[in-house]
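J.: I have a structure here, written as structure tokens, and I will follow up with some questions on it.
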Amino acid sequence: MPREYYIAWWNLENLFDVENAADRPEYLRKQLAKELKGWNQQILDKKILQLSKNIKKMNNEKGPDLLGVCEIENERVMKLLVNSIDLPGRNYQVAHHDTKDKRGIDVGFIYDGSLFKGEQDFSYEVLKRLATRDIYQVNFKTKDENNNIKNDLILVGNHWPSRSGGRYESEPYRIIAAETLAYWHSRIQEILGKKTPIIFMGDFNDQPHDRSLTEYALSTREKRRVLSAKTAPRMFNLMWPLMAQGSGTYYYRGEFNMLDQFSVSKGFFSENEPFSVKNDSIEIINVDPVTSEALNTPIRFGRPSSKLNQKGYSDHFPISMVILEE
């Protein structure tokens, strides 16, 4: 029987440390002073509680085996979140790298150390005029029931530049991130082999059909194009079927956008390789009480300085998938 792994991704929306955090760089103190006014430990704890309640419901209330996150300020808040999840039988650990993003928000992974060993991590500072969130790669190895190392599994987390200032005006920045990701894909294959299993996940701030993904990241919904790619490798975007149903992860101006996505490399479809994607396992997690009753949309937690709602969570829905290992 193949072993199943439940993989999830969630943009946690502004999971900042407290307003007077001692180790916050001076440039961030000035940048965030107004935004974080009133963001004390009590409010942070409530935000974390709201997030962890939903994370604990994932995977039939067993929690995710591995969770990618973005919009987290530092390792401390990630560890506070892990402590709040606190599920029996789980040995959650954190992979995180501080970026130079102008708001100090990062990408990271929470993973069960009983199932995965994080061996190496890499980050790349994507530049606009100023730095934006890094692309963050962690090379994992799976473990068997006896803690023996089994197979390579590469995770690449993304949080591409936002559409602030306009979708088309800001598009060149996402194209830069997309070109960077495509280069990383090529380098991983050059170093580790063309059949290396890679999961690309993140908040791409574009949809699967946007050209940043299709023309520059080389993302596609056609498996044959992934398998037949000769020079630059292509990734298979898993979100197209849900998008075709009108689903999405982010609600804006009366419609859903599929900004949060999973894609996988050729290694998930190659013969005699250990990993595959479980059929029909891709899901947008849209369960009460994450959604608003009126519109069935994500509920923002906000901040004391801007529309605080302690019954909220995030402005994005989480997504999940199941992969199989032979």
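J.: Can you tell me which residues in the range 7-47 are of a type in the set (A, V, I, L, M) and either at pLDDT below 95 or farther than 30 Å from K278 by Cβ (or both)?
T.: Of everything in the range 7-47, those that are of a type in the set (A, V, I, L, M) and either at pLDDT below 95 or farther than 30 Å from K278 by Cβ (or both) turn out to be V18, A21, A22, L28, L32, A33, L36, I43, L44.
J.: Something else: With the requirement that a residue be over 23 Å from S162 (Cα atoms), assigned to a helix (DSSP H, G or I) and in contact (Cβ under 8 Å) with a residue 12 or more places away in the chain, what does the range 206-227 give you?
T.: Correct list: K223, V226, L227.
J.: Can you work out which of the residues in the range 143-183 that are under 29 Å from K117 (Cα atoms) and of a type in the set (V, I, T) is surrounded by the fewest Cβ atoms within 10 Å (Cβ to Cβ)?
T.: Here the residue is I149.
J.: V94 passes all but one of (1) among the β-branched types (V, I, T); (2) more than 22 Å from K47 (Cβ to Cβ); (3) at pLDDT 90 or above; which number fails?
T.: So V94 meets the others, but not (2).
J.: Let me ask you something else. Of the conditions (1) under 24 Å from D101 (Cα atoms); (2) within 20 Å of the chain's Cα centre (by Cα); (3) surrounded by fewer than 19 Cβ atoms within 10 Å (Cβ to Cβ), H209 clears all except one; give me its number.
T.: Looking at each condition in turn, H209 falls short on (1).
J.: Same structure, new question: Report, by residue number, each residue of the range 156-185 that is in contact (Cβ under 8 Å) with a residue 40 or more places away in the chain and over 22 Å from T231 (Cα atoms).
T.: Passing the criteria: G157, N158, H159, W160, P161, S162, R163, E171, Y173.
J.: Additional query: Right, V107: touching a residue at least 60 places away in the same chain (Cβ under 8 Å), among the hydrophobic types (A, V, I, L, M, F, W, C) and closer than 22 Å to E13 by Cβ or not?
T.: Spelling it out, V107 is indeed touching a residue at least 60 places away in the same chain (Cβ under 8 Å), among the hydrophobic types (A, V, I, L, M, F, W, C) and closer than 22 Å to E13 by Cβ.
J.: Which residues, taken from the range 251-267, are in a strand (DSSP E or B) and closer than 20 Å to T214 by Cα?
T.: Scanning the range 251-267 gives F256, N257, D260, Q261, F262, S263, V264.
J.: Among what's in the range 78-99 and is under 16 Å from the mean Cα position of the chain (by Cα), among the hydrophobic types (A, V, I, L, M, F, W, C) and farther than 21 Å from H316 by Cα, pick the residue that is surrounded by the fewest Cβ atoms within 10 Å (Cβ to Cβ).
T.: V94
J.: Any residue at all in the range 144-160 that is part of a strand (DSSP E or B), touching a Leu at 6+ places or on another chain (Cβ under 6 Å), at pLDDT 90 or above and of a type in the set (A, V, I, L, M)?
T.: Within the range 144-160, none of the residues are part of a strand (DSSP E or B), touching a Leu at 6+ places or on another chain (Cβ under 6 Å), at pLDDT 90 or above and of a type in the set (A, V, I, L, M).
J.: In the range 190-206, which residue that is hydrophobic (A, V, I, L, M, F, W, C) and closer than 25 Å to T249 by Cα is nearest to the chain's Cα centre (by Cα)?
T.: The extreme case among them is M201.
J.: Of these, E293, E273, which one is at pLDDT below 95, assigned to a loop (DSSP other than H, G, I, E, B) and either out of contact with any Gly (no Cβ under 9 Å at 6 or more places or on another chain) or aromatic (F, W, Y) (or both)?
T.: Unique residue meeting the criteria: E293.
J.: Among the candidates K230, K195, which residue alone is assigned to a loop (DSSP other than H, G, I, E, B) and touching a residue at least 40 places away in the same chain (Cβ under 8 Å)?
T.: Result of the check over K230, K195: K195.
J.: Being over 22 Å from N54 (Cα atoms) and out of contact with any strand residue (DSSP E or B) (no Cβ under 7 Å at 6 or more places or on another chain) is the filter here; which residues of the range 1-17 pass it?
T.: M1
J.: Would you check which residues across the range 226-246 are in contact with a Leu (Cβ under 9 Å, 6 or more places away or on another chain) and either surrounded by fewer than 18 Cβ atoms within 10 Å (Cβ to Cβ) or modelled with pLDDT under 95 (or both) and list them?
T.: Residues satisfying the conditions are A229, A232.
J.: For the range 276-290, which positions are modelled with pLDDT of 95 or more and not acidic (D, E)?
T.: S276, V277, K278, N279, S281, I282, I284
Quick grid of which residues meet (1) within 29 Å of S281 (Cα to Cα); (2) in contact (Cβ under 8 Å) with a residue 24 or more places away in the chain; (3) within 24 Å of the chain's Cα centre (by Cα); (4) surrounded by 15 or more Cβ atoms within 10 Å (Cβ to Cβ):
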{"residue": "K34", "(1), (2), (3), (4)": "no, yes, no, no"}
{"residue": "G38", "(1), (2), (3), (4)": "no, yes, no, no"}
{"residue": "Q41", "(1), (2), (3), (4)": "no, no, no, no"}
{"residue": "K56", "(1), (2), (3), (4)": "yes, yes, yes, yes"}
{"residue": "C70", "(1), (2), (3), (4)": "yes, yes, yes, yes"}
{"residue": "R76", "(1), (2), (3), (4)": "no, yes, yes, yes"}
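J.: Let me ask you something else. Could you check the range 211-245 and list, in sequence order, the residues that are out of contact with any Pro (no Cβ under 9 Å at 6 or more places or on another chain), under 23 Å from P172 (Cα atoms) and aliphatic (A, V, I, L, M)?
T.: L213, A217, A232, M235
The values are calculated or read from the model by the stated rules, or taken from the named source; none is laboratory data. Computed from a predicted structure; not experimentally measured. Cβ atoms come from the backbone with ideal geometry, glycine included; neighbour counts cover every protein chain shown.
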